[in-house]
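Asks: Below are the structure tokens for one structure; questions will follow.
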Amino acid sequence: MKARLHDHILHNIAMSRCTWLFLTVLLAMPLCAHAVESERRLPVNLRADRIDVDQKGGISLYRGHVVFSQGTLRLTAARAEVQNRANDIETVTAEGKPVTFRHRPEGLAEFIEGEAGRAVYHAPTRRVDLYGEVQVKRGRDLFRSAVLHYDIENQSMIAESANGRPVYAALVPRADKLPHPGNNP
């Protein structure tokens, strides 16, 4: 009888731990989605040596040491043009030698960093298009191409070649995923 009671108590404890774990994961899922959505709602910050604003036309020009940031996304350039519609940013077109960008995807410790001759940030779709001698690093991985499209929401990249120059990728295995010496079959 004591053994059955003991087993019953252990079973209930194990079930309550599983239930607690399941509920914790279930409750955390909307928080992850909310974190990505909340970055979209963060204010956009722009700095430059000179700013020219055409409110009627919905265009702002930023010249000299331009820095654009929203959440963990950051672009630097010599010049940028911002197009607005109904007081919302549509695109940011940045040019420089080079334009740099940096972003840390939600839930990851590593940054995605890159440089190019020109970058276009599409605010409504949260996509960065890089053009002209593009070089992007993701952790220790490296990508070089003529054009690279980075989708922030889906954490995906598409690299394209141009003028007969192929896309280059160097993918470095993570140290924690490498087999240990002496553990080989």
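FYI, it's all coordinate maths here, none of it is from the lab. Here the structure is a predicted model, which is why all the values come from computation and not from measurement. With ideal geometry, Cβ positions are generated from the backbone for all residues, glycine too; neighbour counts draw on all protein chains shown.
Asks: Taking neighbour counts of Cβ atoms within 10 Å as a proxy for exposure, in what order, fewest first, do PHE101, PHE111, PHE143 appear?
Replies: On the way: PHE101 24, PHE111 16, PHE143 21.
Exposure proxy ranking, most exposed first: PHE111, PHE143, PHE101.
Asks: May I pose another question? Sort VAL134, VAL67 so the one with the fewest other Cβ atoms within 10 Å of its own Cβ comes first.
Replies: Values: VAL134 26, VAL67 15.
Going from sparsest to densest Cβ surroundings: VAL67, VAL134.
Asks: Could you give the length gained on full extension between ASP88 and ARG40, defined as 0.36 nm per residue of separation minus the Cα-Cα distance, in nm? Don't jump to the answer; show the numbers that get you there.
Replies: Working: separation 48, 0.36 × 48 = 17.28 nm, distance 1.17 nm.
Difference between extended and current length: 16.1 nm.
Asks: ARG85: net charge of surrounding residues, Cβ under 15 Å, Lys/Arg +1, Asp/Glu -1, itself excluded?
Replies: Numbers: positive: LYS56; negative: ASP54, GLU81, ASP88, GLU90.
For residues surrounding ARG85, the net value is -3.
Asks: A further question on this structure: All other residues with a Cβ under 15 Å from the Cβ of ARG165 taken together, and with Lys, Arg as +1 and Asp, Glu as -1, what is their net charge?
Replies: Working: positive: ARG144; negative: GLU133, GLU160.
Local net charge: -1.
Asks: Let me ask something else. Grab the Cα-Cα distance for LYS97 and ARG174, subtract it from 0.36 nm times how many residues apart they are, and report the gain in nm with one decimal.
Replies: Values: separation 77, 0.36 × 77 = 27.72 nm, distance 3.17 nm.
Once the chain is fully extended between LYS97 and ARG174, it gains 24.6 nm.
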